[in-house]
Every structure is written in C-alpha cells, then in structure tokens.
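The values are calculated or read from the model by the stated rules, or taken from the named source; none is laboratory data. All figures in this text were calculated on a predicted structure; none of them were measured in a lab. With ideal geometry, Cβ positions are generated from the backbone for all residues, glycine too; neighbour counts draw on all protein chains shown. Remember, those area values only see protein heavy atoms, side chains included, never the ligands or the DNA or RNA. Shrake-Rupley method; radii C 1.70, N 1.55, O 1.52, S 1.80 Å.
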Amino acid sequence: MAVGKSAIGQQLAQQLGAPFVDTDAVIVAGHGSIADIFAGRGERVFRDIEARTVAAAIEAAAGTATVISLGGGAVLDSGTQQLIRDCTVVYLECDADTVAARIARNSGRPLLAGDAMGRWTEMFATRRPVYERLADITLDVRHGSIPELGGRLEAALRSYAAAKQEVEQ
C-alpha cells in the first residue's frame with residue numbers, strides 16, 4: 001500500500017507500449033470508492049469484488065504483455081495466488097519511512113483509519129512474506145523518480161525473461 005504500484009505500473013506500460021490495468025481503478029469504476037465499499041459493505045465484500053476483478057483482468061490479458069497493478073491485499077487471496085502463478089509478479093519493495101508522506105496525504109485508505117503508520121507497519125509485517133514468496137522480481141522503490149523506477153523495472157523484466165527463456169531451452 002502506497003508504494004507506487006499504479007504510478008510505476010502505468011510508467012512501465014507506457015515504456016513497453018502495453019495496456020495497463022489498475023484493478024483498484026476498475027473496482028472504483030464499477031462499484032464506487034473503495035472507502036465506501038468498506039464502510040457500507042465491509043472488507044469481506046470488497047475482497048470478493050477484488051478477487052473477481054483480478055481474475056477478470058488476468059483472463060482478459062492472457063497471452064499479452066499487459067501490465068496489471070493489484071491492490072496491496074489482493075495477493076492474500078489463495079485463488080488470486082493460483083492465478084498469478086503463470087504471470088510475472090513484481091514486488092515493489094518499500095519501507096515505512098518512504099510511504100509515510102504518501103499515506104499522510106491520502107486519507108482515503110480504509111485499512112489505515114486511526115493510527116495509519118501503525119496499521120501500515122502491522123499489515124506490511126503480515127503481507128511481506130507473501131509478497132516475497134510470490135515475487136519473480138523485487139524492485140526497491142525507495143529511491144528514484146517514477147521514470148527511473150520504470151526504467152529499472154523494464155531492465156529487470158528483460159533480464160528475467162531472458163533468464164527464464166534460457167532455462168526453458
């Protein structure tokens with residue numbers, strides 16, 4: 001959460017000339033704000049909507065080089081974990097100091113109500129092992145502009161694809 005998934009994903013898609021899908025934006029377009037979903041229908045309903053949205057995005061992107069940005073909690077769903085096994089998964093690695101200012105500017109994050117940084121730290125501690133386990137590529141996003149990070153990610157993806165192709169031959 002707040003590490004730059006949408007901005008870096010959009011940058012990467014632009015660099016690659018590929019489609020970009022932000023699953024949180026798809027959810028908002030179809031169901032209203034995430035904060036409203038949490039407030040009115042609860043996290044469980046949101047997670048169900050999120051899982052269906054991610055599945056639809058992955059299915060629609062099959063066989064293409066589409067860049068898909070998932071919400072920070074999306075990969076906690078076991079069904080989503082199964083679906084992304086055939087995708088190249090990137091973990092944008094960050095820390096509390098880096099995201100603190102972003103979180104302070106954006107009060108629309110329902111899971112961070114109250115003590116935002118305390119909640120972020122707690123969630124990150126729970127989610128980090130999952131991110132690390134699922135990731136094919138880890139990109140440190142603590143330093144660099146969005147274009148610089150997009151360039152580093154593109155290079156990492158090309159290296160990963162070349163290594164994967166070499167192994168498959």
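For Val21, the residues 5 or more places off, or on other chains, whose built amide H falls under 5 Å of its own are Val67, Ile68, Ser69. For the chain, find the longest principal axis of its Cα atoms and tell me its angle to the long axis of helix 116-134, 0 to 90°, nearest 10. With rounding to tens, the tilt is 30 degrees. Scanning residues 5 or more positions from Tyr91 or on other chains, those with amide H under 5 Å from its amide H are Asp136, Ile137, Thr138, Leu139, with H placed 1.01 Å from N in the peptide plane. From most to least packed by mean Cβ count within 10 Å, the peptides 65-78, 123-136 give 65-78, 123-136. Expressed as a whole percent, the accessible surface of the stretch 5-168 that belongs to carbon and sulfur atoms is 52, based on a 1.4 Å probe.
Grab the DSSP H runs of the chain that are 4 residues or longer, score each as -39,500 (n - 2.57), total them, divide by all residues and round the 222 nm result to the nearest 500 deg cm²/dmol. Value at 222 nm, helices only: -20000 deg cm²/dmol. In sequence order, the stretch 24-35 has phi-based couplings of 5, 5, 5, 4, 4, 4, x, 9, x, 4, 5, 4 Hz under the Karplus curve 6.51 cos²θ - 1.76 cosθ + 1.60, θ = phi - 60°, and Gly or Pro positions carry x.
Calculated FRET efficiency, Arg85 and Ala39, Cβ-Cβ r, R0 35 Å, to nearest 0.05? Efficiency computed from Cβ-Cβ geometry: 0.55. Taking a quarter of the surface of the Cα convex hull of the stretch 28-96 gives a mean projected area of 5.5 nm². Report, to the nearest 10°, how far helix 5-16 tilts away from the longest principal axis of the Cα atoms in the chain, using its own Cα long axis and a range of 0 to 90°. Helix 5-16 sits at roughly 30 degrees to that axis. To test your reading of the geometry: what angle, between 0 and 90 degrees and rounded to tens, separates the Cα axis of helix 43-61 from the longest principal axis of the chain? So the inclination is approximately 20 degrees.
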